[in-house]
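*Asks:* Attaching a single structure in structure tokens format; questions to follow.
The values are calculated or read from the model by the stated rules, or taken from the named source; none is laboratory data. Fair warning: this is a prediction, and the values are worked out from it, not measured in the lab. Virtual Cβ from ideal backbone geometry, glycine too; neighbours counted across all protein chains shown. These area figures cover heavy atoms from the full protein model, side chains too; ligands, DNA and RNA do not enter into them. Shrake-Rupley method; radii C 1.70, N 1.55, O 1.52, S 1.80 Å.
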Amino acid sequence: MGLGLLYVTHPNEKDAEALCNSLLDENLIACANLFPINSIFNWENEKTKENEIVSLIKFNKNKIDEIEKRIKELHPYEVPCIIRISATANNEFENWVNNQ
């Protein structure tokens, strides 16, 4: 199995919570942490600055395809940021994540 981490940006806390709650309700993820961030990026040839929310999502790596599919279905962005992060954790935590 193994621990998986996703870094996902959201336009606001309401949308981040709704998406993460859906993933929790569907038993796709173990948990998510939400952080406010300031983002600067180019979009449609214009430099843009936005306040966003990042979710750091912990899950069983066997579920990655289903999780990414659901994020794309639920996410309000045309091009959602979904970054896979390689990670390991203490055995007890990894076991908890894998059993969710």
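*Asks:* With every protein chain left in place, what is the accessible area of VAL54 in Å² (1.4 Å probe, nearest 10)?
*Replies:* Accessible area of VAL54: about 10 Å².
*Asks:* Over the chain, what is the relative contact order in whole percent, taking alpha-carbon pairs under 8 Å and six or more residues apart? Don't skip to the end; give the middle numbers.
*Replies:* Details: 179 pairs, mean separation 44.6, N = 100.
Relative contact order here is 45 percent.
*Asks:* When the dipole is taken about the Cα centre of the chain, and only Lys, Arg (+1) and Asp, Glu (-1) are charged at their Cβ, what size is it in debye, to the nearest 20? Spell out each step's value before the answer.
*Replies:* Details: 10 positive and 16 negative charges, 52 e Å.
With only Lys, Arg, Asp and Glu charged at Cβ, the dipole is about 260 debye.
*Asks:* Counting C-alpha atoms alone, how compact is the chain: give Rg to one decimal and Dmax as a whole number, in angstrom.
*Replies:* Spelled out, the Cα radius of gyration and Dmax of the chain are 14.0, 47 Å.
*Asks:* Positive end of the charge dipole of the chain (Lys, Arg +1 and Asp, Glu -1 on Cβ, about the Cα centre): tell me which of PHE93, ASN12, PHE41 has its Cα farthest that way.
*Replies:* Among PHE93, ASN12, PHE41, the one farthest towards the positive end of the dipole of the chain is PHE93.
*Asks:* Residues with beta-carbon under 15 Å from that of ASN95, excluding ASN95: net charge, scoring Lys, Arg +1 and Asp, Glu -1?
*Replies:* Values: positive: LYS58, LYS61; negative: GLU92, GLU94.
Once positives and negatives cancel, what remains is 0.
*Asks:* Could you identify which residue out of ALA87, ALA16, ALA30 has the top mean-square fluctuation in a GNM of the chain using Cα springs shorter than 10 Å?
*Replies:* Maximum among the listed residues: ALA87.
*Asks:* If I compute solvent accessible area with a 1.4 Å probe over the protein chains, what percent of it on the chain is carbon and sulfur? Display every interim value, and only then the final one.
*Replies:* Values: 2960 of 6440 Å².
Result for the chain: 46 percent of the exposed heavy-atom area is carbon or sulfur.
*Asks:* Which value, in Å² and to the nearest 10, is the accessible area of ILE85 when all protein chains are kept and the probe is 1.4 Å?
*Replies:* Answer for ILE85: close to 70 Å² accessible.
*Asks:* Relative to the longest principal Cα axis of the chain, at what angle does helix 13-25 sit, 0 to 90 degrees, rounded to 10?
*Replies:* Long axis of 13-25 versus the principal axis of the chain: about 30 degrees.
*Asks:* Still on this model: Would you mind checking the tilt of helix 64-74 against the longest principal axis of the Cα atoms of the chain, expressed as 0 to 90 degrees and rounded to 10?
*Replies:* Computed tilt is about 40 degrees.
*Asks:* Leaving out ligands and nucleic acids, and using a 1.4 Å probe, what accessible area per residue does the chain come to in Å²?
*Replies:* Numbers: 6440 Å² over 100 residues.
Value for the chain: 64 Å² per residue.
*Asks:* Now, a different point. For a quick check, take a GNM of the chain with Cα springs below 10 Å and name the residue from GLU26, GLU78, GLU66 with the largest mean-square fluctuation.
*Replies:* GLU78
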